[in-house]
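The values are calculated or read from the model by the stated rules, or taken from the named source; none is laboratory data. Keep in mind that what you see is a predicted model, and the values were worked out from it rather than measured. Virtual Cβ from ideal backbone geometry, glycine too; neighbours counted across all protein chains shown.
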């Protein structure tokens, strides 16, 4: 993978058309909705940030299977109601994945994240009504030019208990997947809004002392 402290590899499908996001030094970048199915069949619906150079003159069509390598990025989007953390996958490599119509089995889709960063807020431990243990933690991951990405992560069971005992500032290595999760937010006027949260679901955690 191209990054040592923040990398993700995806194998999934394009869910929609690219939408212009911004330009840097004359190069345009687009947001591209992308779906990756878990083994359970649930689909994580992620947002890719892809440059016009990687999209090419004839980009892959909706439904095409693609392989993506890159980095999980975060930024704050300011709205009338305040600031909101936005999580995207910044694509460094993006290519259509040729499928073999004669293959007996379809290659499983892939969602593999590997990050190393620092705990920047006290971990939040909780249990569900069914006594399932969960810990939420926010990780600051450094990148070039003195910038950092702030990435939410979630762990269950033994990993949740372990994370709950770690202090702010702990250097942590996490392996997992980037998942999407819908939730309902009650607004100030009493109405409800369905929103999507993105977080790294931890399969392995390791403090680096």
**OP:** Give 63, 35, 26 a once-over and let me know the one that is assigned by TED's automatic domain parsing to the domain that holds residue 88, on the phi > 0 side of the Ramachandran plot and free of Cβ contacts under 8 Å to residues at least 40 places away in the same chain.
**Re:** 26
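Tell me which residues, restricted to region 137-147, are in contact (Cβ under 8 Å) with a residue 24 or more places away in the chain and surrounded by 14 or more Cβ atoms within 10 Å (Cβ to Cβ).
Listed by number, the residues that qualify are 137, 139, 141, 143.
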**OP:** Looking only at region 151-209, count how many residues are in a loop (DSSP other than H, G, I, E, B), touching a residue at least 60 places away in the same chain (Cβ under 8 Å) and buried (at least 16 other Cβ atoms within 10 Å of the Cβ).
**Re:** 0
**OP:** Go through region 123-147 and give me each residue that's in contact with a helix residue (DSSP H, G or I) (Cβ under 7 Å, 6 or more places away or on another chain) and part of a loop (DSSP other than H, G, I, E, B).
**Re:** 123
